[in-house]
Amino acid sequence: MSASAANPPEQSTTDGAALLEVRNVAKRFGALDVLKNISLNIASGEFLTLLGESGSGKTTLLRLIAGFEQPSAGEIWMVGERLDILPPYKRRVNTVFQNYALFPHLSARDNVAFGLRVKNTPASEISGRVEEALGMVKMQGFAAARPCKLSGGQQQRIALARALVNRPQLLLLDEPLSALDANLRKQMQSELKSLQREIGITFLFVTHDQEEAMALSDRIALLRDGALEQVAPPREIYAHPATAYTAQFIGQTNLLRGEIRGSIATCGALRWPLEETDGPVIFSLRPEAIRICADGKRQTNEVKCRGSIRQQLYGGSSELLEVDCGSGQTLRVRIPACGPLTGEHEFIFSLADAVRVQE
Amino acid sequence: MTANSSTRRAPFLALYATLVFGFIYLPIVVLILYSFNRDGVGGFPPRHLTLNWYAQLFADSAIWDSVLNSLIVAAGSVLLALTLGLLAALALDRADFPGKALFRRLVLLPLILPGIITGLSLLMFAVFAGMPLSLFTVFLGHGTALISVATTELFAGLQKMDRAQEEASLDLGATPWQTFWRITLPNLKLSLIAAGLLIFTLSTDEIAVTFFLIGRDNTLPLEIWGRLRRGITPEINAVSTLIFAVSVGLIVIWYHLRARSLGGRSQELLETPGESS
């Protein structure tokens, strides 16, 4: 079940330059185990995303690192210093809150200057750094405005500038884009990514949107019910999901359940040779790995099957087909847009694309 | 349909409303009119208008001493009630402690207790404590009895406040103390002003508690009451008119601030019991 153990290579690659180490952290609220024995390293300069459904514990982990909650067990370390025993205001960590939490009684400029003021930074230095931070998020023109006069996207930028002006070692972002509409969100994703590259600050980003996680992250840590399901770079987690849950959560997939017996894998109507020990098995097969076999030819490392098209969903550049392969097996197939299709066709996929996953 | 029936009922409703409002406000109108009547409280309708009674009032040092006493007591009560009320509201909003529900009710109890009970118990306390009755005991009485008003107002303000703001402040490196002064208090500004105005008004026209705790120096309501026993003089009408004007002004300000700070939320339990003290 704990697939973090199934993926030790990713963990060890970052050990050398770990900025933040979460060591066996657990968090209980009453009888509720919100986080169960989480261990996670974040490398300096990395963009790491905590991905998970609501209630998976991702925000709780963020709040533990920010210092708003105390771990029930385990420790958090940052560059050789124990973090979890420090109050939030002594941590070199800043947060961009989900609803921004801007101070309504202060102008945008004073919001950004807040962190410097409370630490008694000289006034001459404050004005320079505030202007610089406002410039980073392209908000110099709105410095005098109160938050209530700003749009959601502008408030978002001020919240970002307010955190960045303190030059934190680690920036925590709690679903910062979830309140924006789709177009603005795409634009902010792109700006966020380039900003992070430019300033080189480590980002720990929380989201429930797997597309957002894939687009932005160097690595994704997928949380499920308070435990780490898998930690890996986006391409790897997509291509080699460790578990059925990961395969389904990240992108779309066909989960093929079946068994291996006598070096033959059988999943419903599909069967192919496989040199593995006998027993039940699950494969993840991405819809785009399956194509229509026009000429009927099959290589030795490919699997072919006949199926009738039950449904065709047009998606602009591609079509998503629901294919009935008989024996109650349905495959989802994504092919380039090709016009309406009906009736029976032959479908084919490479064995290498059927990735064996754990339950 | 509904429009039809409501127009049929309207004449009765209008009559009823006129009678009720007349009953409440006519005496005040009469009082204000007679404060300008040359012939004092006698003679209807008032014929010769004059400002004489106001001139006489402004020359009356006993009245002005009592006004000053009332202002001192009210200002002190505002400070005392707001300080203790803010602490109580913070405890109710943030802390979890055994007996919290009981504490909440106890804090709000003075709102519904008859003034005579509050006054009598405070008097007994003063006597046991060996405290001579004076403006100071009145100030203590008002200040403590009105903590409930401050608590209700400030608790509503705290409930409305976005706690993430305080977390953001801590996150940005502000200590809890800095956070309180720079974030929490400014957010409560409207609630503080609204509660302060209300406490000020309630304290200045308080009689029951004051009556038990007063020493030699009178507050304005007690001064007026004392004079009334010797008959109504037009000067009393004049001073009452001034009090009425100031009260209306303060209440209007209070109402606007409260509407702004609550953002249109319901007025909660303050509305009715506030009258009783």
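The values are calculated or read from the model by the stated rules, or taken from the named source; none is laboratory data. The structure displayed is predicted, hence computed values, not measured ones. Here the Cβ is made from the backbone with ideal geometry for all residues, glycine too, and neighbour counts use every protein chain on show. Remember, those area values only see protein heavy atoms, side chains included, never the ligands or the DNA or RNA. Shrake-Rupley method; radii C 1.70, N 1.55, O 1.52, S 1.80 Å.
Ignoring ligands, DNA and RNA, what percent of the 1.4 Å accessible area of chain B is carbon and sulfur? Intermediate results must be reported in sequence, preceding the final value.
Details: 11020 of 15480 Å².
That fraction is 71 percent.
Where does helix A:152-164 land angle-wise versus the long Cα axis of chain A, in degrees 0 to 90, nearest 10?
Long axis of A:152-164 versus the principal axis of chain A: about 70 degrees.
Name the shape class, rounded, prolate or oblate, that the alpha-carbon gyration tensor gives for chain B, where a ≥ b ≥ c are the square roots of its eigenvalues, rounded holds for a/c under 1.5, and otherwise prolate holds if a/b is larger than b/c and oblate otherwise. Provide the component values of the computation, followed by the final result.
Numbers: a/c = 2.11, a/b = 1.35, b/c = 1.56.
Oblate, since a/c reaches 1.5 and b/c is not below a/b.
Which of the residues in region B:177-206 lose at least 10 Å² of accessible area when you go from the chain alone to all protein chains together (probe 1.4 Å)?
So the qualifying set is B:Q178, B:R182, B:I183, B:P186, B:N187.
How big a patch of accessible area, both sides summed and in Å² to the nearest 100, lies buried between B and A at a 1.4 Å probe?
Values: alone 16360 and 16900 Å², together 31550 Å².
What B and A bury together is about 1700 Å².
Please give the charge dipole size of region B:62-261, origin at the Cα centre, charges +1 on K and R Cβ atoms and -1 on D and E Cβ atoms. Round to the nearest 20 debye. Working shown, then result.
Numbers: 14 positive and 13 negative charges, 49 e Å.
So the dipole magnitude of region B:62-261 works out to roughly 240 debye.
When the dipole is taken about the Cα centre of chain A, and only Lys, Arg (+1) and Asp, Glu (-1) are charged at their Cβ, what size is it in debye, to the nearest 20? The partial results should precede the final answer.
Numbers: 40 positive and 40 negative charges, 200 e Å.
Dipole magnitude for chain A comes out near 960 debye.
Specify which residue in the list A:P241, B:T118, B:L86 is farthest towards the positive end of the charge dipole of the protein assembly as shown, using unit charges on the beta carbon of Lys, Arg (+1) and Asp, Glu (-1), about the Cα centre.
B:T118
Does chain A come out rounded, prolate or oblate by the C-alpha gyration tensor, with a ≥ b ≥ c the root eigenvalues, rounded set by a/c under 1.5 and, if not, prolate when a/b is larger than b/c and oblate if not? Don't skip to the end; give the middle numbers.
Working: a/c = 2.96, a/b = 1.83, b/c = 1.62.
The shape class here is prolate.
May I have the count of lysine pairs in the protein assembly as shown with C-alpha atoms under 12 Å apart, counting pairs 8 or more residues apart or located on different chains?
Working: A:K27/A:K36; A:K27/A:K58; A:K36/A:K58; A:K90/A:K119.
Count of close lysine pairs: 4.
Can you give the helix-only mean residue ellipticity at 222 nm for chain B, where every DSSP H stretch with n ≥ 4 adds -39500 (n - 2.57) and the sum goes over all residues, rounded to the nearest 500 deg cm²/dmol? Before the final figure, lay out the partial values.
Working: 13 runs with 199 residues, N = 277.
Using -39500 (n - 2.57) per qualifying helix, the result is -23500 deg cm²/dmol.
Apply the Karplus parameterisation 6.51 cos²θ - 1.76 cosθ + 1.60, with θ equal to phi minus 60°, to every residue of region A:284-298 and state each ³J(HN,Hα) to the nearest whole Hz, in sequence, with x for glycine and proline.
Karplus-based 3J(HN,Hα) across region A:284-298 equals 10, 10, 5, x, 6, 7, 9, 9, 7, 8, 6, 8, x, 7, 9 Hz.
Can you tell me the dipole magnitude for the protein assembly as shown around its Cα centre, using point charges on the Cβ only (Lys, Arg +1; Asp, Glu -1), in Debye to the nearest 20?
Values: 59 positive and 58 negative charges, 232 e Å.
Dipole about the Cα centre, nearest 20: 1120 debye.
Please check region A:54-95 for residues whose accessible area, probe 1.4 Å, is lower by 20 Å² or more when all protein chains are in place than in their chain alone.
A:R63, A:F68, A:P88, A:Y89, A:N94
Using a probe radius of 1.4 Å on heavy atoms only, what accessible surface per residue do you get for chain A? Whole Å² is fine. Kindly include the intermediate steps, with their values, before the conclusion.
Working: 16070 Å² over 359 residues.
Computed with neighbouring chains in place, this is 45 Å² per residue.
Starting from the amide H of A:V96, placed 1.01 Å from N in the peptide plane, find each other amide H under 5 Å away whose residue is 5 or more places distant or on another chain.
A:L172, A:L173, A:D174
Please list the helices of chain B that count as membrane-span-like by this rule: a mean Kyte-Doolittle hydropathy of at least 0.0 together with Cα atoms stretching 18 Å or more along the helix axis, each helix being a complete DSSP H run.
Working: long enough: B:2-34 (44 Å, 1.24); B:61-94 (49 Å, 1.52); B:100-112 (19 Å, 1.37); B:115-128 (19 Å, 2.26); B:147-160 (19 Å, 0.66); B:189-204 (22 Å, 1.69); B:234-262 (41 Å, 1.09).
Result, helices passing both filters: B:2-34, B:61-94, B:100-112, B:115-128, B:147-160, B:189-204, B:234-262.
Counting only protein heavy atoms and a 1.4 Å probe, tell me what percentage of chain A's accessible area is made up of carbon and sulfur. Spell out each step's value before the answer.
Values: 7760 of 16070 Å².
Whole-percent figure for carbon plus sulfur exposure: 48.
Once Lys and Arg get +1 and Asp and Glu get -1 on their Cβ, which of B:A156, B:L170, B:A194 lies farthest toward the positive end of the dipole of the protein assembly as shown?
In the protein assembly as shown, that residue is B:A194.
Of A:G52, A:A352, A:Q156, whose Cα points farthest to the positive end of the dipole of the protein assembly as shown (charges on the beta-carbon: +1 Lys, Arg; -1 Asp, Glu; origin at the Cα centre)?
A:Q156
For B:L113, what accessible area in Å² do you get when you roll a 1.4 Å probe over the heavy atoms of the protein chains, rounding to the nearest 10?
60
What trypsin sites (Lys or Arg not before Pro) in region A:236-338 are in a loop by DSSP, with at most 11 other Cβ atoms within 10 Å of the Cβ? Present the calculation step by step, with values, prior to reporting the outcome.
Values: sites: A:R257, A:R261, A:R271, A:R291, A:K297, A:R298, A:K304, A:R306, A:R310, A:R332, A:R334; in loops: A:K297, A:R298.
In loop regions of region A:236-338 (DSSP not H, G, I, E or B), the sparsely surrounded trypsin sites (Lys or Arg not before Pro) are A:K297.
Kindly report the accessible area of chain B per residue (heavy atoms of protein chains, probe 1.4 Å, no ligands, DNA or RNA), in Å². Intermediate values should be presented prior to the final figure.
Working: 15480 Å² over 277 residues.
That works out to 56 Å² for each residue.
Taking only Cα atoms, what is the 0 to 90° angle, nearest 10, from helix A:108-118's long axis to the longest principal axis of chain A?
Once rounded, the angle reads 70 degrees.
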